[in-house]
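Read through the structure below, which is laid out as structure tokens, and then see the notes.
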Amino acid sequence: YFMLEINNLKKIFENGSPALKGVDLKINKGEFVSILGPSGSGKTTLLRSINGLESVSGGEIYFDNKKKYRL
């Protein structure tokens, strides 16, 4: 199983701006991951969505094989 699994994660801000457009990610236990990209590409929104500081518009987040979000 994966320590963190994200399926089709989407975030659209109130002004209609899309921040995350169907992100898929799988991280195994013990792996180290870097998130790289230009300013405005959704890195911070992704991390805030994973830790619950940002609501998501759709998708699923599983942490330690337990569903955290499902929309």
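Key figures
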| read-out | value |
| --- | --- |
| Residues located in the stretch 1-13, provided they are open to solvent by less than 60 Å² (accessible area, probe 1.4 Å) and among the β-branched types (Val, Ile, Thr) | 6 |
| Leading residue by the ranking (surrounded by the fewest Cβ atoms within 10 Å (Cβ to Cβ)) among those in the stretch 54-63 that are farther than 13 Å from residue 19 by Cβ and over 9 Å from the mean Cα position of the chain (by Cα) | 63 |
| Residues (surrounded by 11 or more Cβ atoms within 10 Å (Cβ to Cβ) and out of contact with any helix residue (DSSP H, G or I) (no Cβ under 9 Å at 6 or more places or on another chain)) located in the stretch 14-23 | 18, 21, 22 |
| Hits in the stretch 24-53 (condition: open to solvent by 90 Å² or more (accessible area, probe 1.4 Å) and of a type in the set (Ser, Thr, Tyr)) | 34, 39, 44 |
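The values are calculated or read from the model by the stated rules, or taken from the named source; none is laboratory data. The shown structure was predicted, so the numbers you read here are calculated from the model rather than taken from an experiment. Neighbour counts run over all protein chains shown; Cβ positions are idealised from the backbone, glycine included. Each accessible area value is taken on the protein alone, full model and side chains, heavy atoms only, with ligands, DNA and RNA left out. Shrake-Rupley method; radii C 1.70, N 1.55, O 1.52, S 1.80 Å.
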